[in-house]
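The values are calculated or read from the model by the stated rules, or taken from the named source; none is laboratory data. Note that this is a predicted model, so its numbers are computed, not measured. Using ideal geometry, Cβ is built from the backbone for each residue, glycine included, and neighbour counts are taken over all protein chains shown. Protein only, heavy atoms only, side chains kept; ligands, DNA and RNA dropped before computing areas. Shrake-Rupley method; radii C 1.70, N 1.55, O 1.52, S 1.80 Å.
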Amino acid sequence: MDEKEIEDLLQKYYLKDMHYEDGKILGSMYTKPPEIALKAFFKFYQANLGNPGLYKGTVEIEREVVKFLLRLTSGKDDFFGHVVSGGTEANVIALWAAREMGYKRVLATQDAHFSIRKAANLLKLSLENVEIIKGRMSIEDLERKIKGGDIIVATAGTTPLGFIDPIEEIGKICEMHNCFLHVDAAFGGYVIPFLRELGYTNKKFGFDISAVRTITIDPHKMGMAPYPAGGIVSKENIFEKIEIEAPYLMVGKNEGLLGTRQSGSVAAAYAAQLYFGWDGYREIVKKCMENTNYLVKRAREENFEILEMPEMNIVNIKIKNVGKVKKELYARGWGISTNPKYSSLRIVVMPHVTKEIIDEFLGELKNIKKSYGL
Ligand SMILES: Cc1ncc(COP(=O)(O)O)c(C=O)c1O
């Protein structure tokens with residue numbers, strides 16, 4: 001096939017996909033990265049940090065990204081970290097390392113991301129649910145269930161509601177019982193530091209809580225980087241707990257979960273971080289929160305019920321027959337996600353979710369509500 005024919009064929013498939021620039025993907029934690037990040041991706045697409053000996057430049061870049069992740073998580077420059085394929089891999093690595101250190105049982109809420117269940121299953125760690133109160137981990141139930149040697153997973157920005165578990169209190173309890181505390185801030189890690197600066201919250205979630213040992217924090221969510229770019233940072237060197245001999249590699253060992261690692265996205269995450277900088281990320285969070293508040297206000301004006309006041313840029317609109325509404329919205333070109341447990345439509349107010357898109361969406365939702373008498 002010649003190149004033109006290949007392009008034409010690819011275009012047919014491309015047009016079947018949804019795209020972030022159209023603004024109609026409302027249920028995803030991703031957005032279109034800046035052009036410079038995409039340029040960096042293609043410049044470094046050959047790099048493979050699974051074999052770091054060959055890619056010394058990319059190794060240095062990864063360290064720069066990790067340093068930024070440590071700044072976001074109140075860590076120190078000499079802490080450890082890697083850019084990985086996503087939050088799922090980061091959570092698996094954290095729990096794997098904890099298991100290698102002798103921890104045996106995971107305690108998490110049902111609103112923890114499914115990757116925690118996946119990790120527990122893969123690693124043959126038992127998993128117990130801690131109750132949820134007002135969308136956050138119940139301290140009373142944690143105190144009832146915790147035992148020495150447990151791994152506690154707290155979430156800073158839960159997937160369904162965007163809420164922050166009470167991590168400072170959880171940390172104190174973990175210290176009393178010698179437990180391993182992992183914080184999943186895959187989404188919230190790039191949000192909470194700026195919510196603090198903007199006066200929305202004073203909550204901590206990072207290494208400024210002494211019990212916190214490992215944190216998941218993903219550049220490919222609110223860090224505006226293209227996939228695959230998750231992040232895992234740690235106070236101690238967790239990677240040496242899970243490294244494996246690999247004589248055929250330049251450095252003779254492999255640390256982490258994957259072998260070959262697409263590392264164009266590491267350069268891309270770095271380019272995004274240079275492009276926006278700390279102040280640029282704060283502006284993004286400011287705008288997303290303004291649009292979040294706009295969505296809440298406009299939805300209420302249209303007589304929709306908001307499940308709980310959002311803590312970050314995730315809004316849940318309570319609706320009857322949520323499965324049917326999701327189907328209807330999808331048929332009209334909207335990429336929406338739902339929380340069946342809460343009977344709500346879940347909107348992640350990413351930068352492409354503008355006020356115009358919000359108005360258009362609510363108009364559509366009103367029509368659906370009217371036609372189905374919901
Ligand atoms: C809190 C949290 N952790 C982990 C993940 C998994 O991230 P990924 O999809 O990058 O593997 C998500 C994804 O939405 C998430 O919200």
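Mind ranking D22, D141, D359 by accessible surface for me, highest first, 1.4 Å probe?
Details: D22 95, D141 5, D359 60 Å².
Greatest to least solvent exposure: D22, D359, D141.
Could you sort the peptides 254-261, 152-159 by per-residue average Cβ neighbour count (10 Å cutoff), highest mean leading? Walk me through the numbers before you get to the answer.
On the way: 254-261: 17.6, 152-159: 28.5.
Top of the packing list down: 152-159, 254-261.
Can you tell me the order of 240-251, 223-234 when each peptide is scored by its average per-residue count of other Cβ atoms within 10 angstrom, highest first? Walk me through the numbers on the way to the answer.
Details: 240-251: 11.8, 223-234: 26.4.
Packing proxy ranking, top to bottom: 223-234, 240-251.
Hey, what do the phi angles of region 49-60 turn into as Karplus ³J(HN,Hα) couplings, whole Hz, using 6.51/-1.76/1.60 and θ = phi - 60°, x for Gly and Pro?
So the J values, rounded to whole Hz, are 6, x, 10, x, x, 7, 10, 5, x, 5, 4, 5.
Please give the charge dipole size of region 246-357, origin at the Cα centre, charges +1 on K and R Cβ atoms and -1 on D and E Cβ atoms. Round to the nearest 20 debye. Working shown, then result.
On the way: 17 positive and 11 negative charges, 86 e Å.
So the magnitude is around 420 debye.
Quick one: Cα centre-to-centre distance for region 146-161 and region 63-99, in angstrom?
Their Cα centres are 17 Å away from one another.
Can you list the cysteines of the chain that have no other Cys Cβ under 4.7 Å away?
Taking the Cβ cut-off of 4.7 Å, the unpaired cysteines of the chain are C288.
With just the Cα atoms of region 42-164, tell me how far they stretch along each of the three principal axes, in Å, largest first.
Rounded to whole Å, the extents work out to 50, 28, 26 Å.
Please list, in order along region 322-330, the HN-Hα scalar couplings obtained from phi with the Karplus expression 6.51 cos²θ - 1.76 cosθ + 1.60 (θ = phi - 60°), rounded to whole Hz, x for Gly and Pro.
Rounded to whole hertz, the list is 4, x, 5, 5, 4, 4, 4, 5, 4.
So what's the back-of-envelope 222 nm ellipticity for the chain, counting only DSSP H runs of four-plus at -39500 (n - 2.57) apiece and dividing by all residues, rounded to 500?
Details: 12 runs with 156 residues, N = 374.
The helix contribution divided over the chain gives -13000 deg cm²/dmol.
Within the accessible area of the chain, what % is carbon and sulfur when the probe is 1.4 Å and the other protein chains stay in place? List each step's numbers first, then the result.
Values: 8870 of 17020 Å².
So the carbon and sulfur contribution to the accessible surface is 52 percent.
Which one, S337, A156, G231, projects farthest toward the positive side of the charge dipole computed for the chain from Cβ point charges (K/R +1, D/E -1)?
The Cα lying farthest towards the positive end belongs to S337.
Charges at C-beta only: +1 for Lys and Arg, -1 for Asp and Glu. How large is the resulting dipole of the chain about its Cα centre, in Debye rounded to 20? Don't jump to the answer; show the numbers that get you there.
Details: 51 positive and 49 negative charges, 196 e Å.
Here the chain has a charge dipole of around 940 debye.
Leaving out ligands and nucleic acids, note down the accessible area per residue over region 35-274 with a 1.4 angstrom probe, in whole Å².
Numbers: 9830 Å² over 240 residues.
Normalised by residue count, the accessible surface of region 35-274 is 41 Å².
In Å³ and rounded to a whole number, note down the convex hull volume per residue for the Cα atoms of the chain. Don't jump to the answer; show the numbers that get you there.
Numbers: hull volume 56.9 nm³, N = 374.
Convex hull of Cα atoms, per residue: 152 Å³.
Sticking with the crude label model, points 7 Å out along Cα→Cβ, report the distance from T354 to R117 in nm, one decimal please.
About 3.8 nm, to one decimal.
For region 123-132, in order, what is each residue's ³J(HN,Hα) by Karplus, 6.51 cos²θ - 1.76 cosθ + 1.60 with θ = phi - 60°, in whole Hz (x at glycine and Pro)?
3J(HN,Hα) across region 123-132, in whole Hz: 8, 6, 9, 6, 10, 10, 7, 9, 4, 10.
From the gyration tensor of the Cα coordinates in region 37-91, what semi-axes in whole Å does the equivalent ellipsoid have, largest first, with each one equal to sqrt(5λ)? Numbers along the way, then the final one.
Working: eigenvalues 84, 34, 29 Å².
Working through the eigenvalues yields semi-axes of 20, 13, 12 Å.
So what are region 206-279's ellipsoid semi-axes, whole angstrom, largest first, if each one is the square root of 5 times an eigenvalue of the alpha-carbon gyration tensor? Present the calculation step by step, with values, prior to reporting the outcome.
Values: eigenvalues 122, 78, 16 Å².
In descending order, the three semi-axes are 25, 20, 9 Å.
Amide H to amide H under 5 Å from V106: which residues, 5+ apart in sequence or cross-chain, H placed 1.01 Å off N in plane?
Amide H to amide H, under 5 Å and 5 or more residues apart or across chains, V106 pairs with S126, L127, E128, I151.
From the residues L249, L72, G135, which one has its Cα farthest along the dipole of the chain in the positive direction, the dipole being from +1 and -1 charges on Cβ of Lys/Arg and Asp/Glu about the Cα centre?
G135
Taking amide H positions as placed 1.01 Å from N in the peptide plane, with prolines and chain starts having none, which residues 5 or more places from K253, or on another chain, fall under 5 Å of its amide H?
Amide H neighbours of K253, under 5 Å, 5+ apart: A246.
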